[in-house]
Amino acid sequence: MNRIVVSRITPASRLAMIIAVIALIILAAAPWWAGRADMRLMGEIYLYLSLACLWNLMAGYAGLVSVGQQAYVGFGGYMLFALTIFGGLHPIFAIVLAGVLAALLAVPVATLIFRLRGAYFAIGTWVVAEVFRLSFAQVGALGGGSGSSLPVNIVKSLSATRSGRETLSYWIALGATIIVIGSVYLFLRSRHGLALTAIRDSEVAASGLGIEIWKTKLIVYVVTSAFTAIIGGLIFLQKLRISPDAAFSVNDWTAFVIFIVVIGGIGTLEGPIIGTLIFFILRETLADFGTTYLIILGAVAIVIMLKAPKGVWGLIRERFDLELFPLSYRVKQVKNSKE
């Protein structure tokens, strides 16, 4: 007699876990085999991947399509500068505290913008980001509209040598990405993740099942805002300079992130990883072409949305039934060994 077995683990997910561990060991050892330029590029890749995973959690799972997440990237960057320059905090502690402050700030912001729906919500998030940008541009102590650089003594508090600072920044970026992906994965496997899946499929049905839609979305918004601010702090810790236009750039911190998630596969954990790799391959290959590079990115996005609406990973998953992050339950029949 056959028995029914319900499991999330698949052979593909086991293999992916082994490959991921090996890859992480190799990447963690990058300071010993990679050059400075390579480490800076990889650090940038990690931070964009983190932003993509966070935006994907909001839009792909909670249905909160925001075009204003640059608000929290810039907020995290400015809090890094303010807390280190005026508060005397170590940069790492300042970045963590920036995440806490962003979470607190996200609650009243969410209370305001959650009154909006659809395209109005997206526009509302962009307006909030512009309010942030204009507000920080008025802070003369942080350079006003022209921005400010991180003082040398604060930079040297990370490490006395340039190579030490670059190595530490690289490891922090890698660690932050691991924490973000791991946190999103665990969140989606929790009861809140199940609630998100139900809300994504049908808000009416989810409400009928007793799921608190507003509260669940609020939790997602606050968590992603906090992590986004932390990533923003790390971004400007690497850049060592900040200005309102750079900190709250919709092009750099939202448009490119949306591109990554859309071409990789929205609503999946694998999608942002695939999308980030594709984005940086295209950027590094086509960056010398100037504005043509942006046109090609747009053309790639249009083609993928037409040919593969669920993104590159969505196409792969449908064709080969793969899932590298075991989130879905799978039911299979197993023969009883006593027969």
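The values are calculated or read from the model by the stated rules, or taken from the named source; none is laboratory data. Keep in mind the model is a prediction, meaning the values are calculated, not measured. Cβ coordinates were reconstructed from backbone atoms using ideal geometry, including for glycine residues, and neighbour counts include every protein chain displayed. We work out accessible area using only protein heavy atoms, side chains counted, and drop any ligands, DNA or RNA first. Shrake-Rupley method; radii C 1.70, N 1.55, O 1.52, S 1.80 Å.
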Handout entry: Residue that is most open to solvent (accessible area, probe 1.4 Å) [pool: residues in region 138-149 that are at negative phi and touching a Lys or Arg at 6+ places or on another chain (Cβ under 8 Å)]
Key = 149
Completion exercise
Only unsatisfied item for residue 322, checking (1) of a type outside the set (Gly, Ala, Ser); (2) closer than 28 Å to residue 135 by Cβ; (3) touching an Asp or Glu at 6+ places or on another chain (Cβ under 9 Å), is (2)
Problem - Residue in region 12-22 that is part of a helix (DSSP H, G or I), modelled with pLDDT under 90 and of a type in the set (Lys, Arg) present - result: yes
Practice task
Kindly indicate whether residue 36 is out of contact with any strand residue (DSSP E or B) (no Cβ under 9 Å at 6 or more places or on another chain), open to solvent by 20 Å² or more (accessible area, probe 1.4 Å), over 30 Å from residue 162 (Cα atoms) and among the charged types (D, E, K, R).
Solution key: no
Practice task
Could you please find all residues in region 289-329 being free of Cβ contacts under 8 Å to residues at least 24 places away in the same chain and under 21 Å from residue 253 (Cα atoms)?
Solution key: 290, 291, 292, 293, 294, 295, 296, 298, 299, 302
Practice task
Would you point out which residue out of 23, 16 is surrounded by 14 or more Cβ atoms within 10 Å (Cβ to Cβ) and over 20 Å from residue 263 (Cα atoms)?
Solution key: 16
Exercise for the section: Scan region 240-252 and give yes if some residue there is part of a helix (DSSP H, G or I), open to solvent by less than 50 Å² (accessible area, probe 1.4 Å) and of a type outside the set (A, V, I, L, M, F, W, C), otherwise no. Expected result: yes
Completion exercise
From the option list 231, 179, single residue qualifying as without any contact (Cβ under 8 Å) to a residue 12 or more places away in the chain, part of a helix (DSSP H, G or I), within 20 Å of the chain's Cα centre (by Cα) and under 23 Å from residue 267 (Cα atoms) is 179
Exercise for the section: Check off (1) within 20 Å of residue 235 (Cα to Cα); (2) of a type in the set (Ser, Thr, Tyr); (3) under 24 Å from the mean Cα position of the chain (by Cα) for residue 146 and give me the number that stays unchecked. Expected result: (3)
Fill in the blank from the handout: Filtering region 76-119 down to residues that are among the β-branched types (Val, Ile, Thr) and without any contact (Cβ under 8 Å) to a residue 12 or more places away in the chain yields 111
Exercise for the section: Just name the residue that is surrounded by the fewest Cβ atoms within 10 Å (Cβ to Cβ) out of those in region 114-137 that are touching a Leu at 6+ places or on another chain (Cβ under 9 Å) and in a helix (DSSP H, G or I). Expected result: 123
Handout entry: Residue among 109, 67, 73 that is surrounded by 18 or more Cβ atoms within 10 Å (Cβ to Cβ), in a loop (DSSP other than H, G, I, E, B) and among the β-branched types (Val, Ile, Thr)
Key = 67
Problem - Single unsatisfied condition, residue 158 versus (1) farther than 30 Å from residue 29 by Cβ; (2) in a loop (DSSP other than H, G, I, E, B) - result: (1)
Handout entry: Within region 228-239, tally of residues that are open to solvent by 40 Å² or more (accessible area, probe 1.4 Å) and touching a Ser or Thr at 6+ places or on another chain (Cβ under 7 Å)
Key = 1
Practice task
May I ask you to list the residues in region 217-228 that are β-branched (Val, Ile, Thr) and more than 13 Å from the chain's Cα centre (by Cα)?
Solution key: 219, 222
Handout entry: Candidates 273, 219, 266, filtered to the one that is open to solvent by 10 Å² or more (accessible area, probe 1.4 Å) and either free of Cβ contacts under 8 Å to residues at least 40 places away in the same chain or of a type outside the set (A, V, I, L, M, F, W, C) (or both)
Key = 219
